[in-house]
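The next block holds one structure in the form of structure tokens; read it before the comments.
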Amino acid sequence: MLNVGQSLDGLAPAHRATVVAEAAGAVDAVMLASFAGGIPAPWPRPLADAVLDMARFVGKEQFPGPGLYELVRAAALGLPPDRADDLTKVASYKDELRPALTDAVETIRLRARIHEAFAAVPRLPA
């Protein structure tokens, strides 16, 4: 039997991101979260979009399964910080943030503030 996770570990991170993004529709949400969580941040756009799309799909119900929570937690660490608003939307139900996902959303918001702070620091002359 093939351990897909071990096979992915043998790939360079950029290739791993491509494979996971392309396979997103063929795996369940928990597995996608696990695979995506092993890819260094910031995720490339195709992977970020695939994770957000899956989270949006599994989060349609008022009481979603564990896949939504795993995807949002992985995305809070892997998404580029400028995607914080996108993550907030998929972590919400009827425009209200799900309480169990508050910490994950605060994580990406903090990452966004840190990136903004560093971007505002003047560059040293070369």
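Would you kindly state how much longer the chain becomes between Arg113 and Arg56 on full extension, computed as 0.36 nm times their sequence separation minus their alpha carbon distance, in nm to one decimal?
18.1 nm
Using each residue's phi in segment 109-126, evaluate 6.51 cos²θ - 1.76 cosθ + 1.60 at θ = phi - 60° and report the 3J(HN,Hα) Karplus result to the nearest Hz, with x for Gly and Pro.
Calculated HN-Hα couplings, in order: 5, 5, 4, 5, 5, 5, 4, 5, 5, 5, 5, 7, 6, x, 6, 6, x, 6 Hz.
Give, rounded to the nearest 20 debye, the magnitude of the charge dipole that the chain has about its Cα centre when Lys and Arg contribute +1 at Cβ and Asp and Glu contribute -1 at Cβ.
260 debye
Per residue and in Å³, how big is the convex hull formed by the alpha-carbon atoms of segment 4-120?
Measuring per residue, one finds 93 Å³ for the Cα hull of segment 4-120.
Please tell me the relative contact order of the chain in percent, rounded to the nearest whole number, where contacts are Cα pairs under 8 Å and at least six residues apart.
Normalised by residue count, the contact order of the chain is 21 percent.
With θ taken as phi - 60° and the coefficients 6.51, -1.76 and 1.60, list the Karplus ³J(HN,Hα) couplings across segment 83-95 in order, rounded to whole Hz; mark glycine and proline as x.
Result, ordered by residue: 9, 4, 5, 4, 5, 4, 5, 6, 8, 10, 10, 6, 6 Hz.
Any read-out appearing in this document is the output of simple, stated calculations on the displayed coordinates, not a laboratory observation. Note that this is a predicted model, so its numbers are computed, not measured. Neighbour counts run over all protein chains shown; Cβ positions are idealised from the backbone, glycine included.
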